[in-house]
Amino acid sequence: MSGFEKIAISLIHLGCPKNLVDTEKILGNLALQEDYIICQEPEDSDVVLINTCGFIEDARKEARKTIKATLKKKKHGPIQAVIAIGCMVELYKEKLLQEFPELDGIIGFSDYKEIGKYIHEILQEKQKVFLSEKNFIPSDDLRLRVTSRNYAYLRVTEGCSNHCTYCTIPSIRGEMRSKNPSQILQEAQTLVADEVKELIVIGQDTANYGKDLSPQSDLYSIVEELSKLDGLKWIRIMYMHPAHFSERFFQLFSLPKVIPYLEMPIQHINTRILRLMGRGNTSKEYLENLFAKLRSSIPGLVLRSTVMVGFPGETEQEFEELLAFLKQARIERLGAFCYSPEPGTKAYQNDDMPAKVKKERYEKVMQLQQEIAFAWSENMVGKELEVVVEDCVEDGLWQCRSYGEAPEIDPCVYLSGKKLKPGTFHRVRVIQSENYDLIAKKI
């Protein structure tokens, strides 16, 4: 790689949509630099970047497995350098090099504007470690998108100031910083000009957007402006902390283009556990009232949420209280995970529950959720929907999504047809449910 001309570089992405935006920024930055050519497969690359996730132990296991596998490939060529970047680097810093001394360098979480320079320094063996302050306002306008052309993630905040007792995000990505409304609007306009039809609004806590700005703003104000963009079809809102869901936010779903889909992670329903988790002012009564009002005021609402089982001190009775709430609330899309003791968090020293018990509780939640999700799918048979075509899975069969399915994490709608085009919208009727998925035909 002498002279650093046209270095073939690939990036392995791990983690959440926020991390995916970082991946797209890194690729966009490198694609404009003369020294690099973006390569799709690591096996064909000179340099492999691994954008890691460090949120929970399972994510770190995946990152470690990926690092090991890539370093193994490096031994057999043509890979000449492997560089770990992102959240797990920020969590472990130099300790990651001690664990993986064959890594050529590490780059912590940052705005990645200097990523090309950092890679050069690493390749020239001038420096192996690059860590940055976590007080920047991210600029996401320069992106090489890797999602389907019809949708893109629009990040409105970075970092988190909630400091839940189990979570490392504030220590990894810093306190919450809101983007200026004009910056968000400009980034959205760029995405829509690039044929994006669905904007997915993300952040660690989108409901808290704008409270740190002067003058203050809020999510309603920015979504109202987004809803005026010509060419945009759907606006999907994700990651709203229930403690920060104001009365004004019920009106979000009356705005043009805002679809009745809401992701709101509740984590638990028992008031004592919620207090121990540091979940703000949420309580059983608060969440029950909030969900009831959401259902009654937003026609056709599809809810997505997450819950945690096995939090330190969770009793059998408190777990059964969670199950009872889930049976009653009938959340259409639900993810669950077992408590993972995270070093540096307030709850870390209190991991007193056997892994077997946590696993059993997790399986009970997911079994219940399967019954709820299957019943919802069956209830959709005969109904009309608007879907967007995503991909052709086999000759004459297309994978699609309706407003009720977020990309990557939710089920699909399958549509039969010839010569359909990805990114196009069609009216369909659901003719069959197949477990989580729906089967439809064009109207």
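For a quick check: with amide H placed at 1.01 Å from N, whose amide H comes under 5 Å from G423's, ignoring anything fewer than 5 positions away on the same chain?
V389, E390
As a quick test, which of the pairs K233/K421; K6/K117; K197/K383; K18/K128; K25/K117; K65/K364 have an alpha carbon distance above 19 angstrom in this structure?
K197/K383; K18/K128; K65/K364
With just the Cα atoms defining each centre, how far is the range 332-363 from the range 28-76? Give it in Å.
The distance from the Cα centre of the range 332-363 to that of the range 28-76 comes to 29 Å.
At 222 nm, what value in deg cm²/dmol follows for the chain if DSSP H runs of at least 4 each add -39500 (n - 2.57) and the sum is divided by all its residues, to the nearest 500?
One gets -10000 deg cm²/dmol as the mean residue ellipticity at 222 nm.
If packing is taken as the average count of other Cβ atoms within 10 Å, what order do 65-72, 271-278 fall into, highest mean first?
Values: 65-72: 16.5, 271-278: 18.8.
In decreasing order of mean packing, 65-72, 271-278 become 271-278, 65-72.
Over the range 384-442, what is the mean sequence separation of C-alpha contacts under 8 Å (at least six apart), divided by residue count, expressed as relative contact order in percent?
Reported as a whole number, the value is 36 percent.
Gap in Å between the Cα centre of the range 250-293 and the Cα centre of the range 126-148?
After rounding, the separation between the Cα centres reads 31 Å.
Quick one: compute the contact order of the range 1-152, relative version, from alpha carbon pairs under 8 angstrom and 6+ residues apart, as a percent.
So the answer I get is 25 percent.
When the convex hull of the C-alpha atoms of the range 257-369 is computed, what volume per residue in Å³ does it have?
Residue-normalised Cα hull volume stands at 110 Å³.
In Å, what is the Rg of the alpha-carbon atoms in the chain, and how long is Dmax?
Using the Cα atoms of the chain, the pair Rg, Dmax is 22.4, 66 Å.
Take the Cα atoms of the range 151-372, find their three principal axes, and give me the spread along each one in whole Å, biggest first.
On the principal axes, the range 151-372 reaches 53, 37, 29 Å in Cα extent.
In the chain, which cysteines lack any other cysteine Cβ under 4.7 Å from their own?
Cysteines of the chain left without a disulfide-compatible partner: C16, C39, C53, C87, C160, C338, C392, C400, C412.
Could you derive backbone 3J(HN,Hα) for the range 384-393 from the dihedral phi with the Karplus parameters 6.51, -1.76 and 1.60 (θ = phi - 60°), listing whole Hz in sequence and x where the residue is Gly or Pro?
8, 9, 9, 10, 10, 6, 9, 7, 8, 8
For the range 384-442, just the Cα set please: Rg and Dmax, both in angstrom.
Both quantities, over Cα of the range 384-442: 10.1, 27 Å.
State, to one decimal in nm², a quarter of the convex hull surface area for the C-alpha atoms of the range 23-154, i.e. the direction-averaged projected area.
8.5
Before anything else, pin down the relative contact order of the chain: Cα pairs under 8 Å, at least 6 apart, normalised by residue count, whole percent.
Worked out over the chain, it gives 9 percent.
Read-outs throughout are calculated quantities, based only on the coordinates presented, and are distinct from any laboratory measurement. Keep in mind that this is a model prediction, so the values were computed, not measured. Please note: Cβ atoms are built from the backbone with ideal geometry, for glycine as well, and neighbour counts cover all protein chains shown.
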